[in-house]
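J.: Got a structure here, written out as structure tokens. Questions coming.
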Amino acid sequence: MAQLYDRVALIGLGLIAGSLFYAMKRAGLAGVVVGYARSAETRDVAREIGLCDRVVDSAAEAVEGADLVILCVPVGAMGAVAAEIAPHLKQGALVSDVGSTKGAVIEAVAPHLPEGVHFIPAHPLAGTEQSGPRSGFAELFDNRWCLLTPLEGTDPEVLERYKELWRQMGSNVDEMDAPHHDLVLAVTSHTPHLIAYTMVGVADDLGRVTDSEVVQYSAAGFRDFTRIAASDPTMWRDVFLANKDATLEILGRFTEELFALQRAIRTGDGEQLHDYFTRTRAIRRGIIEAGQDTDAPNFGRNAK
Ligand SMILES: NC(=O)c1ccc[n+]([C@@H]2O[C@H](COP(=O)([O-])OP(=O)(O)OC[C@H]3O[C@@H](n4cnc5c(N)ncnc54)[C@H](O)[C@@H]3O)[C@@H](O)[C@H]2O)c1
Ligand SMILES: O=C(O)C(=O)C[C@]1(C(=O)O)C=C[C@@H](O)C=C1
């Protein structure tokens, strides 16, 4: 496969940066990949396990001469990192990010970038509850979507090359504007995470059911919730602060529906419950038919 970028810089060396490094190397897409993370401990681990061709001690040094710079830090840290690297970016370089929210990241990053530097925000819809430099793997993006939210006036050639990078790393690529991205993700990712965090918190708080009973008798649904609720606290704090409006909108709707179901249970309205669950079952089936169920044994076969 053809190399797409001579020199790539990854800022923040966790799950996503690690997976980017291995996925790029798997397909021979990058010449040299230079990495930087804020903590010396993370940099030491990265050096020890060979995460990146070279790990350096400052963000400025990492981006020096890079054709592609990908910001892989929590969304609340994107602005400060952009300010730090801005004076050291090469003319014609492409800056991107992998943040889970897009509107706030664009607002925080774009003003710092000098003329002659391109910026294409990205969000791979792929992850796990693991974090840190040891958690990345080459297959993370296989058959998953990567959403790009390019700004008006983005150079079409720069965009096409960057899309090709994601495709060669195994992803399907789509484009949308940032506000729409943030609303979609509030529905499909952010609010579900908040609900999982809450449910696990409720189980923990409930005095009449002991923690050991929760551990011993946790059924499959709850176990899935605990996996999600084990996700990185810094990353998710930043996601909710950054995608405040869309999350609050979806949470408002969620609360209304929950009250309606609560009422149906209280009044014994079995028909309403049955109708509701029939509708939601159809959504699950739609996901499976679209080839997007990563738990299913045939995952990936139907991916577009
Ligand atoms: N984990 C997921 O499921 C997932 C999926 C898609 C996108 N994302 C997004 O990707 C980004 C990275 O997430 P991750 O899961 O790889 O997180 P992670 O916690 O595994 O890694 C984050 C890395 O950034 C470093 N870091 C934090 N602040 C920094 C700073 N100011 N300067 C330099 N380095 C700094 C940390 O030390 C760590 O190495 C986040 O913006 C997140 O929203 C995460
Ligand atoms: O599988 C998981 O652990 C995830 O939660 C991954 C997940 C998601 O699907 O919601 C989480 C956040 C991201 O921004 C993208 C992907």
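J.: When only residues in the range 171-194 that are away from ligand 2 (no atom under 12 Å from the Cβ) and in a helix (DSSP H, G or I) count, which is nearest to residue 250 (Cα to Cα)?
T.: 183
J.: For the range 4-37, enumerate the residues that are exposed (fewer than 15 other Cβ atoms within 10 Å of the Cβ) and within 9 Å of ligand 1 (Cβ to nearest atom).
T.: Passing the criteria: none in range.
J.: Give all pairs with beta carbons closer than 8 Å in which a residue from the range 165-176 that is closer than 14 Å to residue 140 by Cα meets a residue that is modelled with pLDDT of 95 or more and small (Gly, Ala, Ser); count only pairs at least 6 apart in sequence or on separate chains.
T.: Short answer, once both residue conditions are applied: 166/122; 168/27; 169/23; 169/27; 170/23; 171/126.
J.: I need the full set of residues from the range 137-170 which are buried (at least 20 other Cβ atoms within 10 Å of the Cβ) and part of a loop (DSSP other than H, G, I, E, B), in order please.
T.: 140, 141, 144, 149, 150, 169, 170
J.: Being touching a helix residue (DSSP H, G or I) at 6+ places or on another chain (Cβ under 9 Å) and free of Cβ contacts under 8 Å to residues at least 12 places away in the same chain is the filter here, so list the residues in the range 265-291 that pass it.
T.: Matches in the range 265-291: 265, 269, 270, 271.
J.: Here's another thing I want to ask about it. Please identify the pairs in which a residue from the range 196-208 that is free of Cβ contacts under 8 Å to residues at least 40 places away in the same chain has its Cβ atom under 9 Å from the Cβ atom of a residue that is of a type in the set (Asp, Glu), counting only partners at least 6 apart or on another chain.
T.: Matching pairs, first to second residue: 196/224; 203/211; 204/211.
J.: Next up: Look through the range 195-228, keep the residues that are under 24 Å from residue 128 (Cα atoms) and among the acidic types (Asp, Glu), and return whichever of them is nearest to ligand 2 (Cβ to nearest atom). Before you say what the answer is, go through the steps one by one.
T.: Taking the range 195-228 first, the residues under 24 Å from residue 128 (Cα atoms) are 195-204, 214-228.
Now narrow it down to the ones that are among the acidic types (Asp, Glu): 204, 224.
Details: 204: 20, 224: 10 Å.
Within the range 195-228, the match that is nearest to ligand 2 (Cβ to nearest atom) is 224.
J.: Which of the residues belonging to the range 204-242 are of a type in the set (Gly, Ala, Ser), within 29 Å of the chain's Cα centre (by Cα) and assigned to a helix (DSSP H, G or I)?
T.: Initially, the range 204-242 is screened for residues of a type in the set (Gly, Ala, Ser), giving 207, 212, 218-221, 229-231, 242.
Now narrow it down to the ones that are within 29 Å of the chain's Cα centre (by Cα): 218-221, 229-231, 242.
Hits for the range 204-242 are 220, 221, 229, 242.
J.: Look through the range 230-250, keep the residues that are within 13 Å of ligand 1 (Cβ to nearest atom) and without any contact (Cβ under 8 Å) to a residue 60 or more places away in the chain, and return whichever of them is farthest from residue 131 (Cα to Cα). Before the answer, list the steps.
T.: Narrowing the range 230-250 to residues within 13 Å of ligand 1 (Cβ to nearest atom): 230-243.
Now narrow it down to the ones that are without any contact (Cβ under 8 Å) to a residue 60 or more places away in the chain: 233, 236, 240.
On the way: 233: 10, 236: 12, 240: 18 Å.
Here the answer is 240.
J.: Can you pull out every residue in the range 36-62 that is touching a Pro at 6+ places or on another chain (Cβ under 9 Å) and closer than 17 Å to residue 77 by Cα?
T.: Selection gives 37, 42, 60.
J.: Looking at (1) of a type outside the set (Gly, Ala, Ser); (2) within 16 Å of ligand 2 (Cβ to nearest atom); (3) surrounded by fewer than 24 Cβ atoms within 10 Å (Cβ to Cβ), which one does residue 97 not meet, given that it meets all the others?
T.: Result: residue 97 fails condition (3) only.
J.: With the condition kept exactly as written, say whether any residue in the range 236-255 is farther than 30 Å from residue 73 by Cα and not assigned by TED's automatic domain parsing to the domain that holds residue 142.
T.: We begin by selecting, within the range 236-255, every residue farther than 30 Å from residue 73 by Cα; these are 253, 255.
From the residues that got through so far, the ones that are not assigned by TED's automatic domain parsing to the domain that holds residue 142 too are 253, 255.
Yes, because at least one residue in the range 236-255 is farther than 30 Å from residue 73 by Cα and not assigned by TED's automatic domain parsing to the domain that holds residue 142.
The values are calculated or read from the model by the stated rules, or taken from the named source; none is laboratory data. Here the structure is a predicted model, which means the values were calculated and not measured. In this analysis, Cβ positions are derived from the backbone assuming ideal geometry, glycine residues included, and neighbour counts consider all displayed protein chains.
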